[in-house]
1. Note down the relative contact order for region B:113-234 as a percent, whole number, built from C-alpha pairs under 8 angstrom at least six residues apart.
2. Straight-line reach from B:Lys94: which aspartates and glutamates fall under 13 Å, measuring Cα to Cα and dropping same-chain residues less than 8 apart?
3. As I understand it, the dipole of the protein assembly as shown uses +1 on the Cβ of Lys and Arg and -1 on the Cβ of Asp and Glu, about the Cα centre. Which of B:Tyr15, B:Ala112, A:Ile65 lies farthest toward its positive end?
4. Give me the one-decimal nm value for the distance between modelled label points at A:Lys51 and A:Tyr23, 7 Å along each residue's Cα-to-Cβ direction.
5. Treating only the Cβ of Lys, Arg, Asp and Glu as charged (+1, +1, -1, -1), what charge dipole size does chain A show about its Cα centre? Round to the nearest 20 debye.
6. May I ask you to work out the translational diffusion coefficient for the protein assembly as shown at 4 °C, viscosity 1.567 mPa s, via Stokes-Einstein with Rh from the Kirkwood sum over Cα pairs, reported in whole µm²/s?
7. Count the net charge of all other residues whose Cβ sits under 15 Å from the Cβ of B:Pro45, scoring Lys and Arg as +1 and Asp and Glu as -1.
8. Over chain A, what is the mean sequence separation of C-alpha contacts under 8 Å (at least six apart), divided by residue count, expressed as relative contact order in percent?
Amino acid sequence: MTKRQNRMILVALLVSGVFLAGYLGIKAFSENLLYFYTPSDIVNGKAPKNKSFRVGGLVENDSVIRDGMVVSFSVTDNSESIDVFYEGILPDLFREGQGIVASGSIVNKCVRWTCKNTFNASEVLAKHDENYMPPEVAAALESIEIKE
Amino acid sequence: MWKWIQKQASPKFFYQTCNRLIPWFFWPFIALFMVGLYWSLVISPADYQQGDGYRIIFIHVPSAILSMMVYAIMAIAGGIGLIWQIKMAEVVAKVSAPIGAGFTVIALATGAIWGKPMWGAWWVWDARLTSELILLFLYLAYMSLNSAFDNPRTAAKSSSILAIVGLINLPIIHYSVKWWNTLHQGYSVGTGGIKDSDMQIALALMFLASILLYALLVSIKARTEVLVREQNSRWVKEEVGRLMV
């Protein structure tokens, strides 16, 4: 075997070793790399309890209630949803149907006699989607959806 | 074939090739960049949700792609230098690092400027942003390791190994938005996320301009690097003498 082939094998081993290590590392730490949990995760008990975390999803239509600086709305992933309370300034992109990520924790909030798990948010970020288009195209897409 | 490569990879030929290529990269870059900017800022329509604020993608997306592409080129050139001991591959790897770091800084900075009004935060520690920041640190580590040795061959050897190890970060950056929940949005390019043809043309022009800018900067910096490395050879002395006149 020539020296060059030797070096080639060494580099190949280096590359495959690094990728194997990376793959194992990602598998091991995948949970910690999640930026947010979905409402389904919370309902299924996958989200951390008694600890602050982030929840992400779409703002449910007709769920936003504003009372001065206090806003309440529900966040859905189209299978489960959770009520969120927040006091503060919302980002420009916040609206019904928009993706958001809120950080905070679950509290048991009681209104009169019924108690419900709600998410008490300390920060709300808007999550933009991957679509870019002029308003006319957006309007056209919407009208197609309504017809269907 | 092998002979031809060896000839091309000799410092003198490489230097001359760079010299010849520079105007071929420079003028198309200027032209594409000007047309691309006009297309981005004037011809492309405003976005339905973000208004004019979305236009930062015309800088952000090409820089982000280039930040990864340049890293791949740097690592591959480093690997070629390691295996075939081609000195000019080492030169390409070395001069690529600060250029790639520059693209990474632009991608991070434009992302932060966009993030504040759109998301509501300059910076979040999600998988996409964090892995792109790690890419910047990899570039910085590569540059400092490369300059830590007096002998350019030893420097190239150790820093190339670092570059190859860091390759693992590229798929992580690319797939971060798919593998994990991130605040950063998913793929817009190649998935039909950009629905307007003027927006697509503007982005393509800016992307091509960025590639030309990289090629141009590499040629200019590689030329200097070759002269420094080969300063004791006769042709360099003649060339420098010619340039000084």
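Every number here is computed from the coordinates shown, using simple stated rules; none is lab data. Note that this is a predicted model, so its numbers are computed, not measured. Glycine also receives a Cβ, built like all others from the backbone with ideal geometry; neighbour counts cover every protein chain displayed.
1. Across region B:113-234, relative contact order equals 21 percent.
2. Within the straight-line cut-off, B:Lys94 pairs with B:Glu225.
3. Towards the positive end, the residue furthest out is B:Tyr15.
4. 2.9 nm
5. Using Cβ point charges on Lys, Arg, Asp and Glu, chain A gives about 1200 debye.
6. 54 µm²/s
7. Every neighbour counted, the sum reads -3.
8. 18 percent
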